[in-house]
Amino acid sequence: MGNRIGLEVSLSAAEAVKMANVDCIAAYPITPQTHIVEHLSELVNDGHLDAEFIPVESEHSAMSVCAGVSAAGARVFTCTSSQGLALMNEIVHIVASMRLPIVTILANRSLSGPLSIWNDHTDVMSIRDCGWIQVFANNGQEVFDHVLFGFKVAENENVMLPLMIHIDGFILTHVIEPVEFWEKDQVEKYLPVFKPVHSLHPDKPVTMGAFGMPFIFSEAKVAQDEPLIQSKSVITAAWKELGDITGRYYKPVETYRNDDAETLFITQGSYGDTVSLVVDELREEGKSVGLVMDRLWRPFPFNEFRDAVKNADNLIIIDRAISYGGQGGPLAIELRSVMYGEKNQPAITNFICGLAGRDMTIKDFKNIYQRAMEKVKGITLEEDYEYYGVRGK
Amino acid sequence: MAKTKVDLTWQELEIGAVVTSPGNASEYRTGDWRSLRPVWNRDRCVKCGICYIFCPDAAINETTEGWFEADLYYCKGCGICAHECPTLSIKMVEEEE
Ligand code: SF4
Ligand code: SF4
């Protein structure tokens, strides 16, 4: 392995993009993603990375440029956040149907309004159904590893889909963490040169992004959904290979002290690290608690999730986004559906918390645990979901 | 072509639904869209070819005698030819007629 360096997570993410030897970066700066693109523009400007840096005038253009570059057969990266993602939304969906293996980091930030620059998962959930492979990285090292993993999976000839890495804005992007860099030869071995299946070239003209009449649209959609579902085997193989190189083995669903736990917290993103400490403290108090972290969001790892929670009586699902007028947070809605019809269906409580960067401390998660226990014992009314810590609620 | 586009299964589509054979838009039957059909009155037509030039689907062909007529495989019934004809030689009629 390479050096272990203390570096801001955004900068190490940019260094990983450099190691992936991308041909092009097209991006527009937006808080809290800014440091990633700034550092990439420096790397290109200073000659450390031989790539085109295209400073576009909007995120819609950023993803459009990525589409063009990828269609031409080159490796391309972009990153954005919240409103930027909202602005590029149209093309985000299109590149998935065009099967262009673009890798994007989304520095997770709340969608306005009210206007906010801070972290939650409302932007993530706004593109849940965009057809990309989506993974959560929970710390700086995971971000670094997943940039290389991202290109490896996306560009696999049986996958050929764009891939988004979710990282919590500020909580990760602006924090200095120790990150172990890879050696150049390790990257070269892990990440082969991108070989596009189709590319725009005058020698072999093709039409990409043609319109689809009703007679072919449904077939085109199945031809998009199937490889996303099937990509799971490529994803797990890429994680295995990454583990063999780095010693860090990632899984679609990560678990912590879950086997014998009566109650499980379910999280996505960097909250997992905080909640693992909560689990330790509650265990010391004699409570039977564990943690399950969803890393792979799309394609959703149904079997792994069901297996991780099979011994639990209660699930406390932590959501960081709202489905207005729906049955709770998007994660809870999904997981209730995943667990529906299972033999030993656990009691599911759902808390929406930490919106727009509001701090969630160990004490807050302990309060949530307390509240969840009251609910499952029928002490308080069981509602589908609860906003945690909202004044007046 | 052994199989027409309409019979393609999802497995038979190229990755990203890429179209690999150039020029195959000619296989696309825009005539299906038509509810009105252009009918030429050769008593009035002066063979100026304006209808031919204006047809957005290039669906109008010239006969060996210099008359013009629509290829109904492509003619989508937009009526532009009838609108542009300076001698009012083209009438749009309901498909059922
Ligand atoms: S109706 Fe429209 S498509 Fe048909 S021949 Fe006239 S101009 Fe062309
Ligand atoms: S525009 Fe009218 S007059 Fe001219 S060729 Fe066509 S039908 Fe005849």
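The values are calculated or read from the model by the stated rules, or taken from the named source; none is laboratory data. In this text, all values refer to a predicted model and were calculated from it rather than measured experimentally. Positions of Cβ are backbone-derived with ideal geometry, glycine not excepted, and every protein chain shown enters the neighbour counts. Remember, those area values only see protein heavy atoms, side chains included, never the ligands or the DNA or RNA. Shrake-Rupley method; radii C 1.70, N 1.55, O 1.52, S 1.80 Å.
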Original post:
What does the charge dipole of the stretch A:255-393 about its Cα centre add up to, to the nearest 20 debye, if the Cβ of each Lys and Arg holds +1 and the Cβ of each Asp and Glu holds -1?
Top reply: 300 debye
Subject >> Compactness of the stretch A:253-387 - radius of gyration and Dmax, Cα, Å >> reply: 13.6, 38
Subject >> Antiparallel %, DSSP beta bridges [both residues in the stretch A:253-387], to 5 >> reply: 20 percent
Original post:
For a label point 7 angstrom out from the Cα of A:PHE217 toward its Cβ, which stretches of the stretch A:121-165 have the backbone nitrogen within less than 19 Å?
Top reply: A:129-131
Original post:
Which translational diffusion coefficient, to the nearest whole µm²/s, is obtained for the stretch A:247-313 from the Stokes-Einstein equation, given a Kirkwood hydrodynamic radius over C-alpha pairs, 37 °C and 0.692 mPa s?
Top reply: 271 µm²/s
Original post:
Percent relative contact order of chain A, based on C-alpha pairs within less than 8 angstrom and at least six residues apart?
Top reply: 16 percent
Original post:
Protein chains only, probe 1.4 Å: how do B:HIS83, A:HIS198 rank by accessible area, largest first?
Top reply: B:HIS83, A:HIS198
Subject >> As computed over the stretch A:138-199, the Cα convex hull volume per residue (Å³) >> reply: 98 Å³
Original post:
At a Förster radius of 45 Å, what calculated FRET efficiency corresponds to the Cβ-Cβ distance of A:LYS240 and A:ASP384, to the nearest 0.05?
Top reply: 0.75
Original post:
For the stretch A:350-356, in order, what is each residue's ³J(HN,Hα) by Karplus, 6.51 cos²θ - 1.76 cosθ + 1.60 with θ = phi - 60°, in whole Hz (x at glycine and Pro)?
Top reply: 9, 10, 9, 8, x, 6, 6
**OP:** Within a 10 angstrom radius of each residue's Cβ in A:218-224, how many Cβ atoms of other chains show up on average? Whole number is fine.
**Re:** 5
Original post:
Expressed in nm to one decimal, what extension gain is obtained for the pair A:ASP260 and A:ASP203 from 0.36 nm per residue of sequence separation less their Cα-Cα distance?
Top reply: 14.4 nm
**OP:** Output the relative contact order of the stretch A:123-235, whole-number percent, from Cα pairs under 8 angstrom with separation of 6+ residues.
**Re:** 33 percent
Original post:
Hey, if you put +1 on the Cβ of every Lys and Arg and -1 on every Asp and Glu Cβ in the stretch A:4-246, which of A:VAL44, A:ILE216, A:THR31 ends up farthest toward the positive end of that dipole?
Top reply: A:ILE216
Original post:
Hey, got the average number of other protein chain Cβ atoms within 10 angstrom for residues in A:156-162?
Top reply: 1
Subject >> Relative contact order of the stretch A:1-128, pairs being alpha-carbon contacts under 8 Å that are 6 or more residues apart, as % >> reply: 23 percent
Subject >> aspartates and glutamates whose Cα lies under 12 Å from that of B:LYS76, excluding same-chain neighbours fewer than 8 positions away >> reply: B:ASP32, B:ASP57, B:GLU95
Subject >> Cα lying deepest toward the dipole's positive end in the protein assembly as shown, options A:PHE136, A:VAL275, A:CYS353, charges on Cβ >> reply: A:CYS353
Subject >> Rg/Rh for chain A, where both radii come from Cα atoms and Rh is the Kirkwood radius >> reply: 0.97
**OP:** Could you run the numbers on buried accessible area between A and B, total for both chains, 1.4 angstrom probe, in Å² to the nearest 100?
**Re:** 1500 Å²
**OP:** Convert 20 °C to kelvin, take the viscosity as 1.002 mPa s, use the Kirkwood radius over C-alpha pairs of the stretch A:350-393 as Rh, and evaluate the Stokes-Einstein diffusion coefficient in µm²/s, rounded to a whole number.
**Re:** 194 µm²/s
Original post:
For the protein assembly as shown, what is the calculated [θ] at 222 nm in deg cm²/dmol (nearest 500), taking -39500 (n - 2.57) for each run of four or more DSSP H residues and dividing by its residue count?
Top reply: -10500 deg cm²/dmol
Original post:
Pairs A:LYS287/A:LYS377; A:LYS152/A:LYS189; A:LYS18/A:LYS251; B:LYS47/B:LYS91: which are spaced more than 18 Å apart, C-alpha to C-alpha?
Top reply: A:LYS18/A:LYS251
Original post:
How large is the charge dipole for chain B, taken about the Cα centre, if only the Cβ atoms of Lys, Arg (+1) and Asp, Glu (-1) carry charge, to the nearest 20 debye?
Top reply: 200 debye
Original post:
Among A:PHE351, A:PHE194, what's the order by accessible area (1.4 angstrom probe), most exposed first?
Top reply: A:PHE194, A:PHE351
Original post:
Which percent, to the nearest 5, of DSSP beta bridges fully inside the protein assembly as shown are antiparallel?
Top reply: 35 percent
Subject >> Quarter of Cα convex hull surface for the stretch A:175-226, i.e. mean projection, nm² >> reply: 8.2 nm²
Original post:
Relative to the present Cα-Cα distance, how much length would full extension add between A:ASP273 and A:ASP225 at 0.36 nm per residue of separation?
Top reply: 14.1 nm
Subject >> Calculated Rg and Dmax of the stretch A:132-278 using C-alpha coordinates, Å >> reply: 18.7, 62
Original post:
How many percent of the alpha carbon pairs in the stretch B:29-94 exceed a separation of 19 Å?
Top reply: 21 percent
**OP:** With N denoting the number of residues in the stretch A:1-132, provide Rg(C-alpha) divided by 2.2 N^0.38 Å, to two decimal places.
**Re:** 1.03
Subject >> Segment A:LYS343-A:LYS251, extension gain: residue separation times 0.36 nm, minus the distance between their alpha carbons >> reply: 30.6 nm
